[in-house]
Each structure stands twice: as structure tokens, then as C-alpha cells.
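What follows is one structure encoded as C-alpha cells, with my remarks underneath.
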Amino acid sequence: EYEGVATDLEERERLVADIGTKDAMILRNHGTLTVGKSVADCFIKLYFLERAGEAQVMALTAGPGGLYNPPQGTPEKAAGQGKYGLGMVAEKLAWPALLRKLDRIDPGFRD
């Protein structure tokens with residue numbers, strides 16, 4: 001549960017307890033939170049989490065009869081495959097590309 005800007009240690013401790021061993025969390029009425037080994041890692045997780053949420057909302061507009069449910073085990077298999085690929089995408093491709101884009105838009109952003 002989001003309680004405002006995390007300035008008191010008790011709230012931070014609750015957030016840490018809530019996220020547990022996971023990499024991402026959706027805070028009710030606030031947004032998303034990701035953790036990782038680098039800014040790149042966190043940003044890419046955040047990006048894909050938010051895109052997944054958008055896709056889910058768009059899919060729900062099709063109504064209950066318009067949704068496809070994959071065979072049992074497929075989501076778990078895909079999640080396992082994505083963990084390795086996401087790290088590679090973050091570190092080797094997406095993050096460097098985003099930094100190059102920022103350099104073009106505003107070369108002073110690093111200052």
C-alpha cells in the first residue's frame with residue numbers, strides 16, 4: 001500500500017517486506033516499483049511491467065469471450081525464459097540505446 005513519499009524507515013521496511021524476493025510490485029493507487037542490480041535492470045523491468053499492464057487492460061476490452069487462455073504451464077515456461085533474456089536486453093541492447101537517445105535529445109543530461 002502506497003503511503004506517500006517514503007521518508008520514514010518504517011514504511012521502507014514494509015515495502016521491502018512486501019516485495020520479498022520478487023523484482024517488481026504494483027502499488028495500489030500509485031504505480032510500479034522495481035528492484036535490480038542496476039538502474040538499467042530496474043528500468044527495463046519497469047518498462048516491460050507497464051507494457052504488460054497496458055496489454056492486459058486492452059485485452060480486457062475484448063470481453064470475457066475474446067480472451068485466449070494459453071495451455072497450462074505456458075505462462076510459467078515463458079516467465080522462466082524471460083528472466084535470462086530480459087537481463088541481456090537490459091544490459092546489452094535497450095539501456096545503451098536509451099542512453100544514446102538521451103545524448104541526442106539532451107547531451108547535458110549526464111551533468
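Under 9 Å between Cβ atoms, which residue pairs at least 6 apart in sequence (or on different chains) link something in the stretch 60-72 that is modelled with pLDDT of 80 or more with a partner that is aromatic (Phe, Trp, Tyr)?
none
Kindly indicate the residue of the stretch 24-47 that is of a type in the set (Ser, Thr, Tyr) and either in a strand (DSSP E or B) or at pLDDT 90 or above (or both) and also surrounded by the fewest Cβ atoms within 10 Å (Cβ to Cβ) among those meeting that condition.
Out of the qualifying residues, it is THR32.
Here is a list of conditions, (1) modelled with pLDDT of 85 or more; (2) part of a loop (DSSP other than H, G, I, E, B); (3) surrounded by 10 or more Cβ atoms within 10 Å (Cβ to Cβ), and THR21 meets all of them except one; can you say which number that is?
(3)
The values are calculated or read from the model by the stated rules, or taken from the named source; none is laboratory data. Because the structure is a prediction, the values reported are computed rather than measured. Glycine gets a Cβ as well: all are built from the backbone with ideal geometry, and neighbour counts include every protein chain shown.
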